[in-house]
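Heads up: the structure comes next, in structure tokens.
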Amino acid sequence: MTKSKKKFEVWTVVSLVLLASFLLFLVYPMFGLLKQAVISPEGEFTLSQFQKFFSKSYYTDTIVNSVKVTLCVTAISLLLGIPIAYFYSFYRIRGAKTLFVLSILCSMSAPFIGAYSWIMLLGRSGAITQFLLNFGIDIGSIYGFKGILIVQSLKFFPLVFIYMNGAFKNIDNTLMEASANMGCTGVRRLISIVLALSMPTILAAALMVFMQAFADFGTPMLLGEGYQTFPVLIYNEYLGENGVDYNFAAALACIAIFVTAIVFIFQKWATSRYKFSMNALHPVEKKECKGISGFLMHAYCYILVAVAFLPQLYIIYLSFRNCKGAIFHPGFSLGNYETAMKKLLVRSIKNTAVMGVLALVIIIVIAVLIAYLVVRRSSTLNNTIDTISMLPYIMPGAVIGLAMLLAFGKKPLALTGTMAIMVISFVIRRLPYTIRSATATLMQISLSIEEAAISLGASKLKTFTKITVPMMANGIFSGAILSWVAIVTELSSSIILYNNKTITLTMSTYVAITRGNYGLAAAFAAILTVVTTVSLLLYLWISKSEDVKL
Amino acid sequence: MSDNISIRHALKKYGDNVIIPDLNLEIKEGEFFTLLGPSGCGKTTLLRMIAGFNSIEGGDFYFKDRRINDLDPAKRNIGMVFQNYAIFPHMTVRKNVEFGLKNRKLPKEKIVEQTDKFMKLMHVDEYAERLPERLSGGQQQRVALARALCIEPDVLLFDEPLSNLDAKLRVEMRTVIKQIQHSVGITTVYVTHDQEEAMAVSDRIAVMNAGVIQHVGTPKNIYQRPANLFVSTFIGRSNVLRGEKLVIENGKTYFVTKSGYKAEMTNVLPEYQKDQEVILSVRPEEFLLSKDTSVYGMTATVDDCVFLGLNTHYFVHLESGEEVEIIQESSIDSIIEPGTQIKLTINTDKVNIFTADTEVNILTGVQNDCAN
């Protein structure tokens with residue numbers, strides 16, 4: 001099987017097509033961004049934009065704020081998510097499936113909807129705040145650091161849950177038994193075996209939460225008040241009251257990429273210290289949990305998920321309340337939905353569905369191809385493609401939105417305002433995540449299984465479609481669900497790229513909130529919640545998995 | 001439909017790291033051929049070169065007269081059984097077994113018929129609709145074998161197929177594999193590091209070390225007349241006595257041990273009949289033990305003895321200080337107690353003698369098909 005003598009292969013064509021697409025839709029906009037940041041409108045090289053940023057603490061504080069709150073959110077998400085994943089994977093928790101589905105739903109909602117709902121509950125005139133004030137209890141302000149922390153942690157711990165659940169499933173029961181056999185059980189085994197084995201996944205989940213929380217624009221926008229974070233600053237500078245300043249916004253975008261790049265490199269370094277592959281021939285059997293510890297486990301899971309899910313329910317409740325502007329009145333009606341119908345509801349839903357599905361299909365196809373190229377046909381070309389495809393991982397949504405706008409705002413590729421630019425930005429935003437999960441899955445599939453298929457006379461293509469892809473299916477689905485979530489609830493890049501024709505449900509919701517139409521916002525948010533719920537249930541039904549396999 | 005396999009001047013390297021420098025091998029049509037060697041000796045690498053999963057850096061591989069170096073693995077018509085079975089986890093047993101046939105685009109009835117035949121042959125027909133995850137290791141191995149045989153391959157390859165099974169199942173499965181191989185008569189290349197397993201199943205064995213074939217021969221010949229010291233110690237147990245002498249007196253050839261024990265050898269190759277230093281390789285059963293200390297032989301003292309039913313093992317040390325192991329058929333009278341002085345003689349029909357420098361066998365009767 002000397003490769004040099006092989007004729008021009010299909011896979012080489014695939015590699016080249018992928019490379020060309022990435023160069024056009026990713027590398028070119030990135031360079032445009034960089035150019036905008038360092039070239040003045042007069043066409044001269046200048047670092048004045050960066051000087052402007054670092055000369056005022058008004059600007060630099062936003063970076064400190066962002067990093068601080070994001071690190072805290074990451075830590076808390078891990079602390080909340082790992083225990084629930086552990087209980088879920090190793091013990092028979094009653095209603096486990098429901099808990100899992102609800103958790104996914106929590107992560108499916110756009111963060112700013114959570115923020116909005118929490119404002120309605122715990123804000124200055126929130127329902128719980130007012131209720132407790134009757135008893136003379138003042139819970140204090142949830143605006144600023146604290147509020148962002150609560151909302152984002154509750155939003156992102158389900159991601160950790162989903163990730164860790166996947167890792168725990170790959171732990172072979174014999175490893176657990178071997179450790180028990182050598183006298184290591186309980187908490188010690190949890191730490192020295194289970195968590196140590198899951199370390200790559202823990203780090204992956206941590207990075208994922210960090211990137212998403214750092215890039216989250218909606219939550220700090222609504223809840224931050226004086227606590228301004230970086231994405232909010234980018235948006236304000238781009239579309240702020242001072243008029244459009246592309247150059248400064250581009251410079252900010254470069255700084256944002258720099259920060260996330262450092263975090264990314266640090267995570268890579270940390271992960272490189274944990275390199276091993278697992279293949280669970282004997283998955284862990286879930287144990288019965290009884291007594292006090294059983295009760296506590298159940299209580300932990302139920303309370304956590306209930307609190308995380310509360311805002312969603314409350315939004316649905318609010319959507320049926322009478323409302324005028326920002327004030328809710330007693331009594332229930334469908335008034336909010338009627339208003340929504342007049343405000344592009346149908347178009348929003350249609351846009352969300354069409355663009356979402358289209359983007360998802362593209363993402364899955366590309367992710368599977370890249371995973372295969374990188375894992376099974378490693379070469380300089382394919383590794384380059386892999387590296388390029390990871391670039392968006394470190395680009396906050398607002399940055400991608402800005403880069404797209406700069407690159408495709410004028411001829412020859414004037415895509416601004418089209419569905420195409422929205423779909424492209426969705427694909428770019430989500431691709432790295434799906435590629436990671438597809439690659440990780442493929443790495444865990446023993447090469448000898450594919451060799452077996454080939455030795456039985458299957459062509460490479462048939463081996464790929466009949467053996468490799470079906471075996472990857474679980475991993476691909478897990479990535480795809482998360483991608484679908486993120487696409488449907490995407491705000492930070494859409495807010496820069498959308499217009500009236502390409503408006504999505506999420507955008508409609510956001511617009512309603514910022515305009516103070518709280519009832520209308522609740523109606524949009526409720527519909528968004530229903531759409532995501534239905535799509536999840538549909539997925540579960542189609543995939544027919546007994547267990548919720550992600 | 002079976003092929004013979006010719007390998008000429010095979011070269012395998014990873015970067016600058018040469019795994020197999022220059023290997024030649026002829027595997028006969030229909031024979032059960034085993035590559036045996038310690039881990040890292042290159043036996044699996046060679047097998048995967050035959051299968052097409054490892055690139056070939058040099059040399060020629062032939063199935064009959066067909067050069068297969070650049071032939072796609074899918075077109076080599078090989079049945080391969082993997083160490084971890086490589087059963088497709090998302091397919092039922094039937095789907096696994098018929099997978100190869102489906103790739104040949106055979107008519108449906110033919111596929112079902114053939115699949116049923118081989119599932120029956122391997123006794124996995126009752127699990128036909130089951131997913132592999134609920135099968136035991138032995139059952140998975142049977143499925144893997146059925147799947148490999150089902151395509152009626154020209155060559156059957158086994159990569160340490162029994163190493164994940166327990167000892168009893170291992171013995172059972174190796175019998176199954178041997179019987180099946182004999183009944184279908186497919187040229188088979190089998191890789192293992194277990195020499196007993198190799199002896200049990202093989203028509204011929206190639207003993208490999210560090211990418212070089214040391215000896216190719218029947219199990220009997222490899223055991224009784226190993227081509228060199230490595231083979232002698234790797235196959236079975238051997239007591240290696242270094243620093244002994246070969247002397248010629250009155251046209252007769254003798255070996256003389258350090259303690260002065262001298263015995264005539266009648267089967268030394270003519271070119272080696274000269275005074276020289278040699279290595280004696282004496283298997284534990286090739287020592288003859290005498291409690292009567294007045295007989296001629298090497299004086300030794302018993303250190304320990306182990307009664308194992310059929311045989312009794314004695315651990316003794318010679319006057320020269322060397323420790324050797326002896327196996328005697330257990331006798332009805334008492335076992336020799338530790339501390340007892342005994343006399344040892346060597347069965348000159350069976351003992352092997354190697355040169356001190358190149359460690360090759362200097363006796364007649366070595367049949368090494370290895371062309372190197």
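Miscellaneous remarks
- Criterion violated by A:Lys460 - all others in (1) at pLDDT below 85; (2) buried (at least 23 other Cβ atoms within 10 Å of the Cβ) satisfied: (2)
- Residue in the stretch B:77-86 that is over 30 Å from B:Asp166 (Cα atoms) and within 13 Å of chain A (Cβ to nearest Cβ) present: yes
- Residue within the stretch A:406-423 that is closer than 24 Å to A:Ile262 by Cα, in the same structural domain as A:Pro470 (by TED's automatic domain parsing) and not hydroxyl-bearing (Ser, Thr, Tyr) present: no
- A:Phe90 touching a strand residue (DSSP E or B) at 6+ places or on another chain (Cβ under 9 Å) and either surrounded by fewer than 23 Cβ atoms within 10 Å (Cβ to Cβ) or free of Cβ contacts under 8 Å to residues at least 12 places away in the same chain (or both): yes
- The residues listed here are A:Ser333, A:Ser378; of these, the one that is within 27 Å of A:Ala473 (Cα to Cα) and surrounded by fewer than 17 Cβ atoms within 10 Å (Cβ to Cβ) is A:Ser378.
- Scan of the stretch B:116-137 for residues that are within 14 Å of chain A (Cβ to nearest Cβ), touching a helix residue (DSSP H, G or I) at 6+ places or on another chain (Cβ under 9 Å) and under 18 Å from B:Pro89 (Cα atoms), ordered by number: B:Leu131, B:Pro132, B:Arg134, B:Leu135, B:Ser136, B:Gly137
To keep it simple, each residue is scored yes or no on (1) within 26 Å of the chain's Cα centre (by Cα); (2) among the acidic types (Asp, Glu); (3) under 16 Å from B:Leu149 (Cα atoms).
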| position | (1), (2), (3) |
| --- | --- |
| B:Lys13 | yes, no, no |
| B:Asn17 | yes, no, no |
| B:Thr44 | yes, no, no |
| B:Tyr62 | yes, no, no |
| B:Met91 | no, no, no |
| B:Arg94 | no, no, yes |
| B:Met119 | no, no, yes |
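- Among the residues here, B:His90 does not qualify as more than 9 Å from chain A (Cβ to nearest Cβ) and not aliphatic (A, V, I, L, M).
- Taking the criterion of being touching a residue at least 40 places away in the same chain (Cβ under 8 Å) and of a type outside the set (A, V, I, L, M, F, W, C), the residues of the stretch A:97-150 that qualify are A:Lys97, A:Ser103, A:Ser107, A:Ser109, A:Pro111, A:Gly114, A:Tyr116, A:Ser117, A:Tyr143, A:Gly144, A:Gly147.
- Residues that are without any contact (Cβ under 8 Å) to a residue 40 or more places away in the chain number at least 1 in the following helices (runs of 4 or more DSSP H) confined to the stretch A:322-418: A:335-342, A:345-376, A:380-389.
- Looking only at residues in the stretch A:429-453 that are among the hydroxyl-bearing types (Ser, Thr, Tyr) and part of a helix (DSSP H, G or I), the one that is nearest to the other protein chains (Cβ to nearest Cβ) is A:Ser448.
- Residue satisfying all of: in the stretch B:56-95; assigned to a loop (DSSP other than H, G, I, E, B) and of a type in the set (Ser, Thr, Tyr); surrounded by the most Cβ atoms within 10 Å (Cβ to Cβ) among these: B:Tyr85
- Considering the conditions (1) modelled with pLDDT of 90 or more; (2) surrounded by fewer than 21 Cβ atoms within 10 Å (Cβ to Cβ); (3) touching a strand residue (DSSP E or B) at 6+ places or on another chain (Cβ under 7 Å), B:Gly37 is excluded by exactly one of them, (2).
- Test: B:Ser294 is in contact with a Lys or Arg (Cβ under 6 Å, 6 or more places away or on another chain) and either modelled with pLDDT of 90 or more or not in a strand (DSSP E or B) (or both): no
- Failed item in (1) more than 8 Å from chain A (Cβ to nearest Cβ); (2) over 21 Å from B:Thr34 (Cβ atoms), with B:Tyr62 passing the rest: (2)
- Hits in the stretch B:32-54 (condition: in contact (Cβ under 8 Å) with a residue 40 or more places away in the chain, within 11 Å of chain A (Cβ to nearest Cβ) and in a loop (DSSP other than H, G, I, E, B)): B:Asn54
- Test: residue in the stretch B:262-277 that is crowded, with 18+ Cβ neighbours inside 10 Å and more than 17 Å from B:Asn361 (Cα to Cα): no
- The set of residues in the stretch A:178-219 that are hydrophobic (A, V, I, L, M, F, W, C), assigned to a loop (DSSP other than H, G, I, E, B) and under 19 Å from A:Phe156 (Cα atoms) contains only A:Phe217.
- From the list B:Thr299, B:Thr312, the lone residue that is polar (S, T, N, Q), touching a residue at least 24 places away in the same chain (Cβ under 8 Å) and on the phi < 0 side of the Ramachandran plot is B:Thr299.
- Residues being over 32 Å from the mean Cα position of the chain (by Cα), in a helix (DSSP H, G or I) and facing chain A (nearest Cβ under 9 Å) - total across the stretch B:100-113: 3
- The stretch A:454-495, subset among the small types (Gly, Ala, Ser) and assigned to a loop (DSSP other than H, G, I, E, B), residue farthest from A:Val354 (Cα to Cα): A:Gly457
- Subset of the stretch A:111-167 (residues that are in a helix (DSSP H, G or I) and over 23 Å from the mean Cα position of the chain (by Cα)): A:Met120, A:Leu121, A:Leu122, A:Ala127, A:Ile128, A:Thr129, A:Gln130, A:Phe131, A:Leu132, A:Leu133
- Only one of A:Leu318, A:Leu313, A:Leu381 that is among the hydrophobic types (A, V, I, L, M, F, W, C) and in contact with a Gly (Cβ under 9 Å, 6 or more places away or on another chain): A:Leu318
- Among the candidates B:Asp203, B:Asp159, B:Asp154, B:Asp194, residue that is in contact (Cβ under 8 Å) with a residue 12 or more places away in the chain, crowded, with 23+ Cβ neighbours inside 10 Å and among the charged types (D, E, K, R): B:Asp159
Let's see how each residue does on (1) modelled with pLDDT under 90; (2) in contact with a helix residue (DSSP H, G or I) (Cβ under 9 Å, 6 or more places away or on another chain); (3) under 22 Å from A:Ser455 (Cβ atoms); (4) not aromatic (Phe, Trp, Tyr):
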position: B:Ile5; (1), (2), (3), (4): no, yes, yes, yes
position: B:His9; (1), (2), (3), (4): no, no, no, yes
position: B:Lys13; (1), (2), (3), (4): yes, no, no, yes
position: B:Leu25; (1), (2), (3), (4): no, yes, yes, yes
position: B:Phe33; (1), (2), (3), (4): no, no, yes, no
position: B:Leu47; (1), (2), (3), (4): no, no, yes, yes
position: B:Ile50; (1), (2), (3), (4): no, no, yes, yes
position: B:Asn54; (1), (2), (3), (4): yes, yes, yes, yes
position: B:Asp60; (1), (2), (3), (4): no, no, yes, yes
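The values are calculated or read from the model by the stated rules, or taken from the named source; none is laboratory data. Everything quoted here is computed from the prediction, not taken from an experiment. Cβ sites come from the backbone with ideal geometry, for glycine too, and all protein chains shown count toward neighbours.
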